[in-house]
Amino acid sequence: MITIIKASYILLLSYNPCDVFTYYNVTEMHGLSLTECQAYNNTKDDSYIAGFSNFVPKESKNYNDTDARFVYINLSRCNNDAQTIALVMHEMMHHSFWLHNYDMTKEEEIITWAEEQSYDVMEIIRYEQ
């Protein structure tokens, strides 16, 4: 698992979607299951998790806005630049909505933040592949 600490999230990159569970040493998180991930036929065209943006899992499952967050990108789903930027932007939008408190009066800031992060993450992915 490639781990990069960003200002408001931990960027996680790997080729195996089940790695996100083992990285956090959990069998379930946010409605997803390691067992289901392992049973899934994960390929470059389809996978249990293509990307994931959420709170770092904790035992209590009681989350608040001060809890750490992560963004996971499944590198096996990054087959070309178009697929990769769409996947990254999708996950960055999830995080940006949270970061901006789901305040749609900040629509332009939400989109701009996600776009800027997507450019940055794309460069990291290009370097790692």
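Rule-based calculations on the coordinates, nothing more; no lab input. Every value quoted in this text rests on a predicted model; they were computed, and no experiment measured them.
Enter the Cα centre distance for the pair the range 8-69 and the range 74-113, rounded to the nearest angstrom.
17 Å
Which log10 I(q)/I(0) values does the chain give at q = 0.15, 0.19 Å⁻¹ under the Debye formula, counting every alpha carbon as one identical point scatterer?
-0.70, -1.11
Multiplying the sequence separation of Tyr127 and Thr66 by 0.36 nm and subtracting their Cα-Cα distance, what value in nm do you get? List each step's numbers first, then the result.
Numbers: separation 61, 0.36 × 61 = 21.96 nm, distance 3.10 nm.
Between Tyr127 and Thr66, full extension yields an extra 18.9 nm.
Pull up the DSSP beta bridges for the chain and report the antiparallel fraction as a percent, rounded to 5. If you can, show how the numbers build up before the last one.
Numbers: 11 of 16 bridges.
Around 70 percent antiparallel, to the nearest 5.
Give me the lysines in straight-line cross-link reach of Lys6: C-alpha distance below 24 Å, same-chain residues under 8 apart excluded.
Lys58, Lys61, Lys106
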